[in-house]
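**Q** Before we start, here is the structure in question, set down as structure tokens.
The values are calculated or read from the model by the stated rules, or taken from the named source; none is laboratory data. Computed from a predicted structure; not experimentally measured. Side chains are part of the model used for accessible areas, which takes the heavy atoms of the whole protein and leaves out ligands, DNA and RNA. Shrake-Rupley method; radii C 1.70, N 1.55, O 1.52, S 1.80 Å.
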Amino acid sequence: MAEKFVLATHNPGKLKEMADILSQFGVEVVSPKELGITVDVEETGTTFAENAMLKAKAICKAANLPAIADDSGLCVDALNGGPGVYSARYGGEGLDDKGRYMLLLNNLRGQPTRAAHFASAIACVFPNGKTLTAEGRCDGTIAFAPMGEGGFGYDPVFFVPEKAKTFAQLTDEEKNEISHRGKALAIFAEKLATYLN
Ligand code: ITT
């Protein structure tokens, strides 16, 4: 695929995963940073799909290139699906990734269920206005303590029963094979190939 796509994300962990996964499908990408684009998109949507579309539209307009965005989050059953679309802002501005997952562990103390899933919505917007979308999810549980050093965000506390490991204990390849983002991008890549042909 000769056309270049700009990845509409400022999250370095997400950017690396998206670039790695998309390269397997022959999709060439650049980061907003490489293009000197600093647009900060307000995520005013109530769903992952809405927020992904907002980000992809804004970055496509700024770059005049097709843009691919991911909006994702961790949905915890005992928290009625929270933090969900608020995952990046859980606990307020002052917290880092570790602060957020430690807060989550605290808030789950004594809860009868630790079931959770990660969700990812992908949106791609072309300068001609055409859009493509895809979604993926990965089921798991919230661990009782953080384990592993890999990945980013909530990975140290997201436990995948089939692997008997947290996302942070998997290699990048292992995570991408089963993750919400890996699944969503695989579906997206198929739709993209159909569209470009
Ligand atoms: P961009 O909007 O710039 O892409 P962001 O981090 O704000 O970056 P989101 O609004 O989609 O992105 O928030 C998703 C949050 O959900 C992210 O910051 C992580 O805390 C969490 N998250 C999503 N996918 C994850 C993954 O694979 N592993 C761990 N945490 C993840």
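**Q** Which of the lysines could a cross-linker span from Lys57 if the Cα-Cα distance has to be under 23 Å and same-chain partners fewer than 8 positions apart are dropped?
**A** Within the straight-line limit of under 23 Å, Lys57 reaches these lysines: Lys4, Lys14, Lys16, Lys33, Lys130, Lys183, Lys191.
**Q** Something else: In Å², what does the accessible area per residue of the chain work out to with a 1.4 Å probe? Mind showing how you got there, number by number?
**A** On the way: 9700 Å² over 197 residues.
Using a 1.4 Å probe on heavy atoms only, each residue of the chain averages 49 Å².
**Q** If you don't mind, there's one more thing I want to ask. Using all C-alpha to C-alpha distances in the chain, build P(r) with 5 Å bins and read off the rounded percent in each one.
**A** Spelled out bin by bin, the chain gives 1, 8, 16, 21, 20, 15, 10, 6, 2, 1, 0 percent.
**Q** Rounded to the nearest 500, what is the 222 nm mean residue ellipticity of the chain from helices alone, with -39500 (n - 2.57) per DSSP H run of 4+ residues and division by all residues?
**A** On the way: 5 runs with 64 residues, N = 197.
Helix-only estimate at 222 nm: -10500 deg cm²/dmol.
**Q** Follow-up question, since we're still on this one. What percent does the relative contact order of the range 126-197 come to when contacts are Cα pairs within less than 8 Å and at least six residues apart?
**A** Reported relative contact order: 34 percent.
**Q** Still on this structure: Provide the convex hull volume over Cα atoms per residue for the range 1-71, in Å³. Intermediate values should be presented prior to the final figure.
**A** Values: hull volume 5.7 nm³, N = 71.
Measuring per residue, one finds 81 Å³ for the Cα hull of the range 1-71.
**Q** Determine how many Å³ per residue the convex hull of the Cα atoms of the range 35-109 encloses.
**A** 99
**Q** Across 10 Å bins from 0, what is the distribution of all Cα-Cα pair distances for the range 104-191, in whole percents?
**A** Here the calculated profile for the range 104-191 is 17, 42, 26, 12, 3, 0.
**Q** On the protein heavy atoms, probe 1.4 angstrom, tell me the percent of accessible surface of the range 1-130 carried by carbon and sulfur.
**A** Ligands and nucleic acids excluded, carbon and sulfur give 51 percent.
**Q** Now a separate question. With contacts defined as alpha carbon pairs under 8 Å and 6 or more residues apart, what's the relative contact order of the chain in percent?
**A** Working: 380 pairs, mean separation 36.9, N = 197.
Taking the mean separation of contacting Cα pairs over the length of the chain, I get 19 percent.
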